[in-house]
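Colleague: One structure, as structure tokens, below. Some questions next.
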Number of protein chains: 2
Amino acid sequence: MLWQRAREPDVHRWSLPGGRLAATEDVETSIRRQLAEKVDVHKLSHVEQLSVFSAPHRVPDRRVVATAFLGLVPSDVDPEVPADTRWHPVEALPPTAFDHEQIVLAARDRLRAKLSYTNIGFALAPAEFTVSELRGIYSAALGYQVAPTNLQRVLTRRGALEPTGRTLPAGPAGGRPPALFRFTSRDLQVTDPFAVFRPPS
Amino acid sequence: MLWQRAREPDVHRWSLPGGRLAATEDVETSIRRQLAEKVDVHKLSHVEQLSVFSAPHRVPDRRVVATAFLGLVPSDVDPEVPADTRWHPVEALPPTAFDHEQIVLAARDRLRAKLSYTNIGFALAPAEFTVSELRGIYSAALGYQVAPTNLQRVLTRRGALEPTGRTLPAGPAGGRPPALFRFTSRDLQVTDPFAVFRPPS
């Protein structure tokens, strides 16, 4: 989600939402406030610090050190954003301000890595979903088509995914109605942490 | 590694090495410079940004936002440090300055998590080692005894560990001379990244 700058420097270029850290807040409080005030995004399914961007001349004419965050919203939420703000596909970014393209790509890489060793898919998925829907979400985030049976098997084996016991109505062509699944937790967890290194009990 | 503060605030308390970001450097350049200048540590086997610590009153009387780093040295390296500087076991920290205990514990948790899904052990181990030595390193870092055969099997299967083809001389009690191993890479890699999510080729 980027907004188009109305002023110099980098006028008309697209910029990540953010702003100045206030005296009474820490960086996470600050970014949540800025998202709410500036682009009207109030609910995030996951927020984590990404990295500090601190190259001396990343912003012209003054020193600005940025703490970048990765913030996610589920695929079924479409926040109403102001007129100067728009969602862009990561693989087709418009010209961005400052080093913001580098920040976006670092966030994408972080998300991709975490999809392989955490349950972070919960933050992208709706509360309930079919394996086919989940496959679409993982494929979009990873940038390649994921095999649905493999995805279901791996996430289930890691204890991240469970069936709700409900199904969607069968489609017009008949066939077995697709089962609905959910993530077992909506807090970030490293899946299978250390299990492989534990001594046999 | 902590140094004992000689001045207020928090005089005599133990502090992480660090200092002020200079106008011409980014945060990683800065922390490497401070480690070299202040505690004479020039070689780190791995350095990564940990997190920004930014609570408004973390340092009394002025606003200080800290970018904390995790820096590792191998177990066979023992840097000569100044008189006011000392290594401390994480589980027996002396009284620390400001929020530095919280930073140390966050670094420990990051290291423990990465031991389970990356090859980060390379940064703690000597260039060559026996499985028994490696087990000692992993056990110390994780805080519990790791089974050596399991450790060898898992790291080998992930492609992180390989035999050098050499052995240590047999001990005085005879028996098979222990084989020497090395990490296949000395750059941080997520082990088995995405492999589980790739469609069958």
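Colleague: In contact (Cβ under 8 Å) with a residue 24 or more places away in the chain, more than 14 Å from every other protein chain (Cβ to nearest Cβ) and at negative phi: which single residue out of B:THR167, B:THR85, B:THR191 fits that description?
Modeller: B:THR85 is the lone residue from the list that is in contact (Cβ under 8 Å) with a residue 24 or more places away in the chain, more than 14 Å from every other protein chain (Cβ to nearest Cβ) and at negative phi.
Colleague: Failed condition for A:ILE31, given (1) within 14 Å of chain B (Cβ to nearest Cβ); (2) within 30 Å of A:THR130 (Cα to Cα), with all others met?
Modeller: (2)
Colleague: Can you give me the number of residues within the stretch A:88-105 that are within 14 Å of chain B (Cβ to nearest Cβ) and closer than 15 Å to A:LEU70 by Cα?
Modeller: Residues flagged as within 14 Å of chain B (Cβ to nearest Cβ) and closer than 15 Å to A:LEU70 by Cα within the stretch A:88-105 amount to 2.
Colleague: Okay, moving on. Does the stretch A:60-72 contain at least one residue that is basic (Lys, Arg) and either in a loop (DSSP other than H, G, I, E, B) or free of Cβ contacts under 8 Å to residues at least 40 places away in the same chain (or both)?
Modeller: The answer is yes; a qualifying residue exists.
Colleague: Of all residues in the stretch A:119-147, which are facing another protein chain (nearest Cβ under 9 Å) and more than 16 Å from the chain's Cα centre (by Cα)?
Modeller: Those that are facing another protein chain (nearest Cβ under 9 Å) and more than 16 Å from the chain's Cα centre (by Cα): A:TYR144, A:GLN145, A:VAL146, A:ALA147.
Colleague: Look through the stretch B:58-72, keep the residues that are surrounded by fewer than 17 Cβ atoms within 10 Å (Cβ to Cβ) and either touching a strand residue (DSSP E or B) at 6+ places or on another chain (Cβ under 7 Å) or at pLDDT 95 or above (or both), and return whichever of them is nearest to the other protein chains (Cβ to nearest Cβ).
Modeller: B:ARG63
Colleague: Considering each residue of the stretch B:131-147, count those that are surrounded by fewer than 17 Cβ atoms within 10 Å (Cβ to Cβ) and part of a loop (DSSP other than H, G, I, E, B), and give that number.
Modeller: 4
Colleague: A further question follows. Just need a number here: residues in the stretch B:13-58 that are closer than 20 Å to B:ASP187 by Cβ, part of a loop (DSSP other than H, G, I, E, B) and of a type in the set (Lys, Arg).
Modeller: 1
Colleague: Just to verify a result, which residue in the stretch A:73-99, among those that are touching a strand residue (DSSP E or B) at 6+ places or on another chain (Cβ under 6 Å) and not in a loop (DSSP other than H, G, I, E, B), is farthest from A:PHE183 (Cα to Cα)?
Modeller: A:THR96
Colleague: Right, something else. When the residues of the stretch A:148-185 are filtered to those that are β-branched (Val, Ile, Thr) and assigned to a strand (DSSP E or B), which remaining residue is farthest from the chain's Cα centre (by Cα)?
Modeller: By that ranking, first place goes to A:THR167.
Colleague: Additional query: Quick one: how many residues across the stretch B:116-131 are over 15 Å from B:SER45 (Cα atoms) and at pLDDT 95 or above?
Modeller: Total meeting the criteria: 3.
Colleague: Only one of these is closer than 29 Å to A:TYR117 by Cα, among the basic types (Lys, Arg) and away from chain A (no Cβ under 14 Å): B:ARG108, B:ARG158, B:ARG182. Name it.
Modeller: Within the list B:ARG108, B:ARG158, B:ARG182, the selection yields B:ARG182.
Colleague: In the list B:VAL47, B:VAL41, B:VAL11, B:VAL77, which residue meets the criterion of being surrounded by fewer than 18 Cβ atoms within 10 Å (Cβ to Cβ), away from chain A (no Cβ under 14 Å) and touching a residue at least 12 places away in the same chain (Cβ under 8 Å)?
Modeller: Testing whether each residue is surrounded by fewer than 18 Cβ atoms within 10 Å (Cβ to Cβ), away from chain A (no Cβ under 14 Å) and touching a residue at least 12 places away in the same chain (Cβ under 8 Å) leaves just B:VAL77.
The values are calculated or read from the model by the stated rules, or taken from the named source; none is laboratory data. This structure is a prediction, so every number in the text was calculated from the model and none was measured. Cβ: placed from backbone, ideal geometry, glycine included. Neighbour counts: every protein chain shown.
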